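Chemist: Before anything else, here's the structure in question.
The values are calculated or read from the model by the stated rules, or taken from the named source; none is laboratory data. Values in this document were obtained by computation on a predicted structure and should not be read as measured data. So basically every Cβ, Gly included, is an ideal-geometry build from the backbone, and we count neighbours across all protein chains shown.
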Amino acid sequence: MSGDRVTKVLLFISSLTILLLSAGIVISLFGGALPAFREFGFRFIISSAWNPTAGSEEYGAMSFIAGTVITSILALIICIPMAFSTSLFIAEYYNGTRTSGILRSLVDLLAGIPSIVYGFWGFYALRPLMVATGLTDQGFGVFTASLVLAIMIVPYATSLSAEIISMVPAELKEAAYSLGATRREVIFSVVIPSARSGIIASFILALGRALGETMAVTMLIGNANVIPKGLFAPGNTMASVIANQFGEASGLKMSALIAIGLLLFLITALVNYLGKLIIKRFA
Amino acid sequence: MTEMYPVLTDNISRRNRTNIRFRYLVIAGSVITVIPIFLIVGNLAVKGFRQINLAFFTKPAPDTFQAMMAASSGEIIPGGIANGLTGSLLMVVLASLFAIPLGLMTGIYIYENSSLKYARFIRSLTEILQGVPSIILGIIAYIWIVKNITRGYSALAGSVSLAIMMLPLIIRSTEETMRMIPVSIREAAFALGTPYYKMIYKILIPVSFSGLATGVLLALSRILGETAPLMLTALGSPAISLDVTRPVSAVPLLIWDFYNDPNMVSLVWSASLFLMVFVLSMNLLARSVASKHKYI
Amino acid sequence: MNNTPQSNNVLEIRDLSIAYEPGKNAVNGVTASVKRNSITAIMGPSGCGKSTLLRAMNRMHELYPNIRTKGDILLDGQSIFSMSVIELRRKVGMVFQRPNPFPNMTIYENVVAGFSLNDIRLKKSQRDEIVENALRNVTLWDEVKESLYRKGTFLSGGQQQRLCVARAIAFNPEVLLLDEPTSALDPIATSKIEDLLGELKKKYTLVLVTHNMSQAARISDDSMFMYLGELVESGRTGTLFTTPKDPRTEAYLTGKFG
């Protein structure tokens, strides 16, 4: 029937979009980044220079790589205890109850709040707190940004972890109970070892999200094009420098920014791929 | 029976105490995790409510002078977010025109041909694409559209970046929805002699409709809140227009503009409140659609 | 039941009622005794409450949050609800329907899992002794002594189940509860387990839930027949099977319902 053929061809053609898009993205990023790499070579990646003055332009990605890595990892560290306890609450202690359903919805709400709203709330509500602690004079900096970032990635870590934890077979838990273990002991000796790969994968995926976060970080990290000097010092991430400076950039500077975008793309793709790999190996 | 080894019974109370303490830790951690929601929503509601009236939705954003005058005399700032609303609407509709049909069809393709290596490859590419930070999609749309097609910032570029964001989301949710359809339904259709394409249009899609709708709604709620790619593509504009080749505003972009202008502070709160409520409502709507039609 | 002296009854169940939700009793007013060094079988059609009754004996039924319990169970004269659950479960062990060795532990670690889970430190020589004794008691020692430090997942179903028995008896409990221990096993493994149970009753007291009447007839000394949460009849297995007193028992034994 020609209707069949037409449908099959149509479906196949639409699948090509993804192929073309992916190829196009990679080609455009490489193409746009080429001038910067031609000018600075691979030194671009490890250099922390950022000098846009005409005549002695020099750009390097290291300040931003450092900013991205530090904020994302710090955010993950802050997020881990929160996500861990929340997923245990949802999937173990109160599994199946209305309370767990409510908590799950609340956590999902966290994921629905737009990034700019987080940044803006962080600016008006968290910043004064940070200034009050005296650890930073203006409230901007790596720590503030990481804190908000942590809140933003908690839902991603929690929902996957909770799912994996709820899939631990009841019989294993019962065997441990029947031997006299307390609930906490059952969790640490049976549930967690059983769910370990899934939990790690969920944290890696959360890290992947943190790496690409733009608006909230841009508004809180202090916009300093240097490697952060301390935990409460300002800096910039790959995403935030692009957001801040792309609009008025041109020529070599724009190419440098695109090159940073390329690096961000590669890092994020790698981390996400790692997480998916772990899940597949586990499932 | 004879005891061959020491059976300690004095650690039982210690273990019970640790057990109880750990439970409290878990509860405390969970409460801490969700406190930010209440803080954020509460803050926004209290501070943003004042500025919201009919004019908020119908008037375009004020310029900084008007805002300064109003702020210094303690009045409500004139104007609203109308240009942002129209711009967002324009770009989202354009993006949907591209992403929804393509996403559905690709999702169906992957589901129908899941045994082919090519289909699995496309699936992996979709997953990678989903993880690409939105600002990079902004760079891409800038290179493709702003530089080469519209020779300047434009709504078209903005919608392209949003479309690329929506596409993987819709593909994934379509495929997952399809996978939940019992195989017996397809088999029943084929047993009645239904041709393949009719099976898709008349059985597969209608049966999974609520799941597909949920996926679309969630994708929409995701892109409505996006700011970063629009900064590099749509740029923003005070005008209310439908010209896709010119810059256009969007609600998140307006929030960014207001944020950067100290005179417009109260507008930031109300615009953020509106955006957040809108996005969260879409989220809840999507969830209720999903749960009401539990057939799939 | 027979007129045997009190001390011979390891377990005494006194008017026990258990409800998962108010008004619906899964176990309704059961009174019975379990004699030392014997095998007592609990049988009945599915849903009769036999598993619930069994799990009450090591208070595993309390894992359900809304459970309501009335009546009492005495272990050697002491109410199990008055002692710590942890202590109780050292004296009353359990083997489950599907073999469930801990997959992240080696065979050796599985046998002593009870000790490690309870935070009990033992010297290596003590642990070695326990492992060898337990595995010998379940006739698994020769089969696994070369692979003690491998994870137990390569074992056959029957071997895994014997490993679970070893894990349960490593504590030297007084009572061993078995919840349909052979229903997931093939006939050969089943008969090996049944032989094993016959040997184990010399050291321990066994309570066995089974949906297989012929198994009950084969290996148990005493039997309890449950129906709709009630203990319909109990007694010496031989007597119960040949001359059941209650028509419901007879109907079950002749296969009128299963």
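Chemist: Limited to region B:245-296, what total is found for residues that are touching a Ser or Thr at 6+ places or on another chain (Cβ under 6 Å), farther than 21 Å from B:PHE209 by Cβ and of a type in the set (A, V, I, L, M)?
Modeler: Residues that pass the stated criteria total 5.
Chemist: List the residue pairs whose Cβ atoms are under 9 Å apart, where the first residue sits in region B:83-106 and is farther than 21 Å from B:ALA55 by Cβ, the second is among the basic types (Lys, Arg) and assigned to a helix (DSSP H, G or I), and the two are 6 or more positions apart or on different chains.
Modeler: B:GLY103/B:ARG172
Chemist: Just one of A:ASP108, A:ASP4 is in contact (Cβ under 8 Å) with a residue 40 or more places away in the chain and surrounded by 13 or more Cβ atoms within 10 Å (Cβ to Cβ); which is it?
Modeler: Numbers: A:ASP4 fails: in contact (Cβ under 8 Å) with a residue 40 or more places away in the chain.
Checking each option against the conditions leaves just A:ASP108.
Chemist: Follow-up question, since we're still on this one. Considering only residues that are facing another protein chain (nearest Cβ under 8 Å) and among the hydrophobic types (A, V, I, L, M, F, W, C), look in region A:14-48 and name the one that is surrounded by the fewest Cβ atoms within 10 Å (Cβ to Cβ).
Modeler: Result: A:LEU19.
Chemist: Could you run through region A:107-145 and say how many residues are more than 14 Å from chain B (Cβ to nearest Cβ) and of a type in the set (Gly, Ala, Ser)?
Modeler: Residues meeting the conditions: 5.
Chemist: Here is a further query. Is at least one residue of region A:146-154 in a helix (DSSP H, G or I), surrounded by 17 or more Cβ atoms within 10 Å (Cβ to Cβ) and either more than 22 Å from the chain's Cα centre (by Cα) or not assigned by TED's automatic domain parsing to the domain that holds A:ASN272 (or both)? Let's see the steps before the verdict.
Modeler: So in region A:146-154, the residues in a helix (DSSP H, G or I) come out as A:146-154.
Still in the list and also surrounded by 17 or more Cβ atoms within 10 Å (Cβ to Cβ): A:146-154.
Checking the rest, the ones that are also either more than 22 Å from the chain's Cα centre (by Cα) or not assigned by TED's automatic domain parsing to the domain that holds A:ASN272 (or both) come to none.
Within region A:146-154, none of the residues are in a helix (DSSP H, G or I), surrounded by 17 or more Cβ atoms within 10 Å (Cβ to Cβ) and either more than 22 Å from the chain's Cα centre (by Cα) or not assigned by TED's automatic domain parsing to the domain that holds A:ASN272 (or both).
Chemist: Considering region C:57-79 alone, what residues qualify as being within 13 Å of chain A (Cβ to nearest Cβ) and surrounded by 17 or more Cβ atoms within 10 Å (Cβ to Cβ)?
Modeler: C:MET57, C:ASN58, C:ARG59, C:MET60, C:HIS61
Chemist: Would you check which residues across region A:146-170 are farther than 28 Å from B:ARG17 by Cβ and either facing chain C (nearest Cβ under 10 Å) or among the polar types (S, T, N, Q) (or both) and list them? Walk me through how you get there before you give the answer.
Modeler: Step one: list which residues in region A:146-170 are farther than 28 Å from B:ARG17 by Cβ, which gives A:146-157, A:159-160, A:163-164, A:167, A:169.
Of everything in region A:146-170, those that are farther than 28 Å from B:ARG17 by Cβ and either facing chain C (nearest Cβ under 10 Å) or among the polar types (S, T, N, Q) (or both) turn out to be A:SER146, A:SER159, A:PRO169.
Chemist: So which of B:SER237, B:SER221, B:SER249, B:SER241 is out of contact with any Cys (no Cβ under 8 Å at 6 or more places or on another chain), among the polar types (S, T, N, Q) and within 30 Å of B:PRO182 (Cβ to Cβ)? Even if it seems obvious, please write down each step before you answer.
Modeler: Numbers: B:SER237 fails: within 30 Å of B:PRO182 (Cβ to Cβ); B:SER249 fails: within 30 Å of B:PRO182 (Cβ to Cβ); B:SER241 fails: within 30 Å of B:PRO182 (Cβ to Cβ).
That would be B:SER221, the only listed residue that is out of contact with any Cys (no Cβ under 8 Å at 6 or more places or on another chain), among the polar types (S, T, N, Q) and within 30 Å of B:PRO182 (Cβ to Cβ).
Chemist: Something else: Away from chain A (no Cβ under 12 Å) and either buried (at least 20 other Cβ atoms within 10 Å of the Cβ) or among the hydrophobic types (A, V, I, L, M, F, W, C) (or both), is that true of C:LEU117?
Modeler: On the way: away from chain A (no Cβ under 12 Å): no; either buried (at least 20 other Cβ atoms within 10 Å of the Cβ) or among the hydrophobic types (A, V, I, L, M, F, W, C) (or both): yes.
No; evaluated as a whole, the condition is false for this residue.
Chemist: Out of all the residues in region C:181-197, is one or more touching a Pro at 6+ places or on another chain (Cβ under 8 Å) and among the small types (Gly, Ala, Ser)?
Modeler: Scanning region C:181-197, I find at least one residue that is touching a Pro at 6+ places or on another chain (Cβ under 8 Å) and among the small types (Gly, Ala, Ser), so the answer is yes.
Chemist: Please go through region C:179-204 and pick out each residue that is under 12 Å from C:ILE39 (Cβ atoms), in contact with a Lys or Arg (Cβ under 9 Å, 6 or more places away or on another chain) and acidic (Asp, Glu).
Modeler: Correct list: C:GLU194 only.
Chemist: Tally time: how many residues in region B:204-255 are surrounded by fewer than 18 Cβ atoms within 10 Å (Cβ to Cβ), over 14 Å from B:MET91 (Cα atoms) and of a type in the set (A, V, I, L, M, F, W, C)?
Modeler: Matching residues across region B:204-255 total 4.
Chemist: Does A:SER72 meet the test of being of a type in the set (Gly, Ala, Ser), touching a strand residue (DSSP E or B) at 6+ places or on another chain (Cβ under 8 Å), closer than 30 Å to A:ALA259 by Cβ and surrounded by 15 or more Cβ atoms within 10 Å (Cβ to Cβ)? Talk me through it step by step, then tell me what you get.
Modeler: Numbers: of a type in the set (Gly, Ala, Ser): yes; touching a strand residue (DSSP E or B) at 6+ places or on another chain (Cβ under 8 Å): no; closer than 30 Å to A:ALA259 by Cβ: yes; surrounded by 15 or more Cβ atoms within 10 Å (Cβ to Cβ): yes.
No: the conditions fail for A:SER72.
Chemist: Turning to a different aspect of this structure: If B:SER115 satisfies every condition in (1) out of contact with any helix residue (DSSP H, G or I) (no Cβ under 6 Å at 6 or more places or on another chain); (2) closer than 15 Å to B:THR174 by Cα; (3) of a type outside the set (A, V, I, L, M, F, W, C) but one, which is the exception?
Modeler: Failing condition for B:SER115: (2).
Chemist: Please report, ordered by residue number, the helices (runs of 4 or more DSSP H) entirely within region B:157-258 with at least 1 residues that are at pLDDT below 90. Quick ask: steps written out before the conclusion?
Modeler: On the way: elements: B:183-191, B:209-224, B:228-233.
Because the criterion is at least 1 residues that are at pLDDT below 90, the helices (runs of 4 or more DSSP H) in region B:157-258 that meet it are B:183-191, B:209-224.
Chemist: Right, next: So in region A:247-262, with the set limited to residues that are within 10 Å of another protein chain (Cβ to nearest Cβ) and modelled with pLDDT of 90 or more, which one is surrounded by the fewest Cβ atoms within 10 Å (Cβ to Cβ)?
Modeler: Residue satisfying both the conditions and the ranking: A:MET254.
Chemist: A follow-up question, please. Looking at C:VAL111, C:VAL138, which is the one that is within 12 Å of chain A (Cβ to nearest Cβ), under 20 Å from the mean Cα position of the chain (by Cα) and of a type outside the set (Phe, Trp, Tyr)? So that I can check it myself, show each step before the final result.
Modeler: Numbers: C:VAL138 fails: within 12 Å of chain A (Cβ to nearest Cβ).
After ruling out the rest, the residue left standing is C:VAL111.
Conditions (1) over 25 Å from C:GLU87 (Cβ atoms); (2) among the β-branched types (Val, Ile, Thr), marked per residue:
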{"site": "C:LEU176", "(1), (2)": "no, no"}
{"site": "C:ASP195", "(1), (2)": "yes, no"}
{"site": "C:TYR204", "(1), (2)": "no, no"}
{"site": "C:VAL209", "(1), (2)": "no, yes"}
{"site": "C:ILE219", "(1), (2)": "yes, yes"}
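This table checks each residue for (1) facing chain A (nearest Cβ under 10 Å); (2) under 20 Å from the mean Cα position of the chain (by Cα).
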site	(1), (2)
B:ILE203	no, no
B:SER208	no, no
B:LEU224	yes, yes
B:ALA234	no, yes
B:ASP243	no, no
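Chemist: Something else now. Tell me, which residue of region B:56-85 that is in a helix (DSSP H, G or I) and over 18 Å from B:ASP257 (Cβ atoms) is farthest from the other protein chains (Cβ to nearest Cβ)?
Modeler: It comes out as B:THR58.
Chemist: Does region C:125-166 hold any residues that are assigned to a loop (DSSP other than H, G, I, E, B) and surrounded by fewer than 14 Cβ atoms within 10 Å (Cβ to Cβ), and which are they?
Modeler: Initial filter on region C:125-166 (assigned to a loop (DSSP other than H, G, I, E, B)): C:138-140, C:148-150, C:155-156.
Listed by number, the residues that qualify are C:TYR149, C:ARG150.
Chemist: Can you tell me which residue in region A:65-96 is farthest from A:ILE199 (Cα to Cα), limited to those that are at the interface with chain B (Cβ under 9 Å from one of its Cβ atoms) and of a type in the set (Val, Ile, Thr)?
Modeler: Applying the filter and picking the extreme gives A:ILE90.
Chemist: Any residue in region C:185-211 that is hydrophobic (A, V, I, L, M, F, W, C) sitting within a Cβ distance under 8 Å of a residue that is surrounded by fewer than 19 Cβ atoms within 10 Å (Cβ to Cβ) and part of a helix (DSSP H, G or I)? List the pairs, counting only those 6 or more apart or interchain.
Modeler: C:LEU185/C:GLY157; C:ALA189/C:GLY157
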